[in-house]
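Notes for the one structure printed next.
The values are calculated or read from the model by the stated rules, or taken from the named source; none is laboratory data. Predicted model only: the values in this text are computed from it and were never measured. The protein model used for the area step is the full one, side chains on, heavy atoms only, and it has no ligands, DNA or RNA in it. Shrake-Rupley method; radii C 1.70, N 1.55, O 1.52, S 1.80 Å.
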Amino acid sequence: MFDFLDYCLNKKGPRDGVLFLFDMKGVSLGHLTRLKMSSLRKFFHYLQDGVPGKLKGIHVLNVVSFFDKILTLIKPFMSAEVFKLVCYVCK
């Protein structure tokens, strides 16, 4: 994911803002076991401090029933300011 974002920023230049969109269609509990905490930490560190430009939001579509557990996992890696930018839509 970092490479794709870097590629887009390199081709198009810095933007006024960045909006991350995650589609959880087809996500199951088994996917949680594949998450590495170090990768999550790095991702959110990059999102908060490394992305050139302002983070406009994190939108999550097709939220699954255990999304609250996912939020519990990732919340320690997010600042309160970034956590307020999370917006999700249930099925």
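If each DSSP helix of 4+ residues adds -39,500 (n - 2.57) and the sum is divided by the residues in the chain, what number results at 222 nm, nearest 500 deg cm²/dmol?
Rounded to the nearest 500, it is -10000 deg cm²/dmol.
Please state the shape class of the range 18-68: rounded when a/c is under 1.5, otherwise prolate if a/b exceeds b/c and oblate if not, all from the C-alpha gyration tensor.
Because a/c hits 1.5 or more and a/b fails to exceed b/c, the range 18-68 counts as oblate.
For the chain, state the average projected area of the convex hull of the C-alpha atoms over all orientations, rounded to one decimal in nm².
The Cα convex hull of the chain, projected and averaged over all directions, gives 6.1 nm².
Once the piece of chain linking K42 and F22 is laid out straight, how much longer is it, given 0.36 nm per residue of separation minus the C-alpha distance between them?
5.5 nm
May I ask you to compute the full-extension gain from D68 to Y7, defined as 0.36 nm times their residue separation minus their alpha-carbon distance, rounded to one decimal in nm?
Extra length from D68 to Y7 when fully extended: 18.8 nm.
Work out how much length V86 to L55 would gain on full extension: take 0.36 nm times their residue separation and subtract the Cα-Cα distance, in nm to one decimal.
Contour length minus Cα-Cα distance gives 10.1 nm.
Give the carbon-plus-sulfur fraction of the accessible surface of the range 48-91 in %, rounded to a whole number; probe 1.4 Å, heavy atoms of protein chains only.
58
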